[in-house]
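Let me begin by presenting the structure, written as structure tokens, before commenting on it.
The values are calculated or read from the model by the stated rules, or taken from the named source; none is laboratory data. Just so it is clear, the structure is predicted and the values come from calculations on it, not from any experiment. As a convention, Cβ positions derive from the backbone with ideal geometry for all residues, glycine included, and neighbour counts pool all protein chains shown.
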């Protein structure tokens, strides 16, 4: 019996060996680790692929999360080559700590919108409706760029928001609206566009009081400083600019 099991395990190892070998990075491949705000996931995936095409032998690895979480990881010594934040305040914490290689550059802007289920079943028309009794609102936590933007917009509108939950990333907010766990969520216009019809967006004028400016910077300690600077410059270039515009980001 033991001999049969051993034979089966050996066969399994042999059958999976090609797959395991395929997961090993090719010899001589250069890797670039980019920490990017959650709202940049789709755009930076495409931009990373374009950068790889322009730089044969380079692989761009994305670490996507809330900007404040990423900044904390960088401060704690996480291996990162480039950081792209959803606001300048979070980036200032990184540059102010001397963790950036040079100045950060703003490459895009974004504004909030209200994400609701298709058809807008609750008839939401603006921020004031988000305080209606029984409405389940979700938004980002205050320390996250989308959360601080929501607070600024609500203050401008004179509306007290009482979310049923505060999420660590804007994609988590969007996910709760899509799943039906929430009736409305404050997200970026790019998130609604990227959701492919799974939600609708309700614009509100107070969003203009909370425009998020997205900066990018190469980081000190990058394994290949020149490559990190090249990626940051690429994000500000024409090809990446087109990708960002198509996703709904505004000009810097």
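The table below lists the values:
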| quantity | calculated |
| --- | --- |
| Test for residue 121: is it assigned by TED's automatic domain parsing to the domain that holds residue 191, out of contact with any strand residue (DSSP E or B) (no Cβ under 9 Å at 6 or more places or on another chain) and not in a helix (DSSP H, G or I) | yes |
| Filtered residues of the stretch 93-105 (kept if over 15 Å from residue 218 (Cβ atoms) and surrounded by 15 or more Cβ atoms within 10 Å (Cβ to Cβ)) | 93 |
| Set 184, 232: member being outside the structural domain of residue 161 (by TED's automatic domain parsing) and touching a strand residue (DSSP E or B) at 6+ places or on another chain (Cβ under 7 Å) | 232 |
| Considering residues of the stretch 213-229 that are touching a strand residue (DSSP E or B) at 6+ places or on another chain (Cβ under 8 Å) and part of a helix (DSSP H, G or I) only, the residue farthest from residue 96 (Cα to Cα) | 227 |
| Index of the failed condition, residue 82 passing every other in (1) surrounded by 21 or more Cβ atoms within 10 Å (Cβ to Cβ); (2) under 30 Å from residue 159 (Cβ atoms); (3) within 18 Å of the chain's Cα centre (by Cα) | (2) |
| Residue within the stretch 31-39 that is more than 21 Å from residue 81 (Cβ to Cβ) and either part of a helix (DSSP H, G or I) or modelled with pLDDT of 50 or more (or both) present | no |
| Answer from 149, 108, 153, 128 - the residue that is over 17 Å from the mean Cα position of the chain (by Cα), under 22 Å from residue 249 (Cβ atoms) and not in a loop (DSSP other than H, G, I, E, B) | 153 |
